[in-house]
Amino acid sequence: MQIDQAIAKKAYDVITRYIAAINAHNAEAVRDTLNFPHFRIGLDGNCIYYPEPSLDHLAVFRNRTNDDGWHHSVVDDMQAIFTFPSKAHVTINFRRLRADGSEIGSYHSLYIVTQKDGHWGIQGGSGTGL
């Protein structure tokens, strides 16, 4: 399948903004990078479903990562594996780091980035992280 590079770039931009918003602890900016309803499938197959943007998604993330000392995440690689005019599937490899730069772990995810009502956002994801 041929990848539409313009669609892939839109998806990469959303994911880059999402990671930057998490790293900046900016809940409003995190919410702006998502489309709803939104879902996450964890390593154990557990599905978290967010029907609307009313939840503080950054707080949910921080509750899952506080115990390991998470400070920020670094993206190592992103690759669009499927594009359609209103959707892209993107694999992402990233690391979670502590404030001193020590690595908590390396993770792999699939993000589904969609265009809804003119807004590009991450609508779902599945990965090896919490």
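For the residues Y111, Y107, the requirement of being of a type in the set (F, W, Y), within 14 Å of the chain's Cα centre (by Cα), more than 24 Å from M1 (Cβ to Cβ) and not in a helix (DSSP H, G or I) singles out Y107.
So, in the range 46-90, exactly how many residues are small (G, A, S), at pLDDT 90 or above and farther than 22 Å from I112 by Cβ? Full working, then the answer.
Keep residues of the range 46-90 that are small (G, A, S), which gives 54, 59, 69, 73, 80, 86, 88.
Going one step further and asking which of them are at pLDDT 90 or above, we end up with 69, 73, 80, 86, 88.
The next check asks that each one be farther than 22 Å from I112 by Cβ; those that pass are 69.
So the count comes out to 1.
Annotation: of all residues in the range 98-124 being among the acidic types (D, E) and more than 18 Å from F36 (Cα to Cα), the one that is surrounded by the fewest Cβ atoms within 10 Å (Cβ to Cβ) is D100. The requirement of being without any contact (Cβ under 8 Å) to a residue 12 or more places away in the chain and farther than 17 Å from I7 by Cα is fulfilled nowhere in the range 74-93; no residue meets it.
Quick check on my filter: what residues within the range 11-39 are among the small types (G, A, S), over 18 Å from V113 (Cβ atoms) and assigned to a helix (DSSP H, G or I)? Explain how you work it out, then say what you get.
So the first thing to find is which residues in the range 11-39 are among the small types (G, A, S), and the list is 11, 20-21, 24, 27, 29.
From what is left, the residues that are over 18 Å from V113 (Cβ atoms) are 24, 27.
Scanning the range 11-39 gives a single hit, A27.
For the range 44-95, residues that are over 16 Å from the mean Cα position of the chain (by Cα) and acidic (D, E) total 4.
Could you say which residue among T65, T128 is touching a His at 6+ places or on another chain (Cβ under 8 Å), over 18 Å from K9 (Cα atoms) and among the polar types (S, T, N, Q)? Give the steps one after another, and end with the answer.
Values: T65 fails: touching a His at 6+ places or on another chain (Cβ under 8 Å).
Going through T65, T128 in turn, the sole match is T128.
It is to be established whether one or more residues within the range 15-25 are modelled with pLDDT under 95 and surrounded by fewer than 15 Cβ atoms within 10 Å (Cβ to Cβ). Looking through the range 15-25, at least one residue is modelled with pLDDT under 95 and surrounded by fewer than 15 Cβ atoms within 10 Å (Cβ to Cβ).
The C-beta contact set for the range 27-41 (first residue more than 15 Å from S54 (Cβ to Cβ), second residue β-branched (V, I, T) and outside any strand (DSSP E or B), distance under 8 angstrom, 6+ apart or interchain) comprises T33/V14; T33/I15.
Find the strands (runs of 3 or more DSSP E) located wholly in the range 40-97 whose residues include 1 or more that are small (G, A, S) and surrounded by 14 or more Cβ atoms within 10 Å (Cβ to Cβ), and list them.
Numbers: elements: 47-50, 72-84, 87-97.
Once the strands (runs of 3 or more DSSP E) in the range 40-97 are filtered for at least 1 residues that are small (G, A, S) and surrounded by 14 or more Cβ atoms within 10 Å (Cβ to Cβ), what remains is 72-84, 87-97.
The values are calculated or read from the model by the stated rules, or taken from the named source; none is laboratory data. Quick caveat: nothing in here was measured; it's all calculated off a predicted structure. Note that each Cβ is placed from the backbone with ideal geometry, even for glycine, and that neighbours are counted across all protein chains shown.
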